[in-house]
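Notes for the one structure printed next.
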Amino acid sequence: KLVKKFEDSDIAHLSIDPDFEYIKDPVDLFIVLDDIDLSQSQIGTIKNLLSQKIIIFSRPKDGIKESNMIKLGFQVELEDSSNKLLCFSYNLKTYNNKRSWNNSEGWANPENFDKYRW
């Protein structure tokens with residue numbers, strides 16, 4: 001089904017490579033299928049250097065634990081117990097939403113600088 005969706009989309013270029021160590025340029029979407037074993041360090045490399053959008057399919061026996069993936073900022077998208085398959089996603093644009101209070105204007109209550117002594 002996944003391959004069919006890609007075939008029906010307007011993707012200009014799709015590269016399939018079993019070893020990401022040779023990929024040097026960032027890509028729009030990085031997909032890891034369940035037959036590839038990754039360490040946390042390798043997932044971090046993909047996240048920090050290769051792509052802002054990542055999908056990882058994994059089987060629980062592969063060593064990719066749900067708790068570790070959540071620590072890395074991934075979300076569980078699919079948990080198929082009949083096939084023992086997990087799907088995690090990461091999107092930098094939605095990972096850390098901007099907070100209205102966390103900005104230079106509102107930081108440290110500047111309206112109180114001349115009113116109170118801390």
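The order of PHE74, PHE30, going from fewest to most other C-beta atoms within 10 Å of their C-beta, is PHE30, PHE74. Using a/c under 1.5 as the rounded threshold, could you call region 27-93 rounded, prolate or oblate? The axes a ≥ b ≥ c are square roots of the C-alpha gyration tensor eigenvalues, and prolate needs a/b larger than b/c, oblate otherwise. Judged from the Cα gyration tensor, region 27-93 comes out prolate (a/c at least 1.5, a/b above b/c).
Readers should treat all values here as calculations from the given coordinates under stated rules, not as data from a laboratory. Source: prediction; values computed, not measured. Glycine gets a Cβ as well: all are built from the backbone with ideal geometry, and neighbour counts include every protein chain shown.
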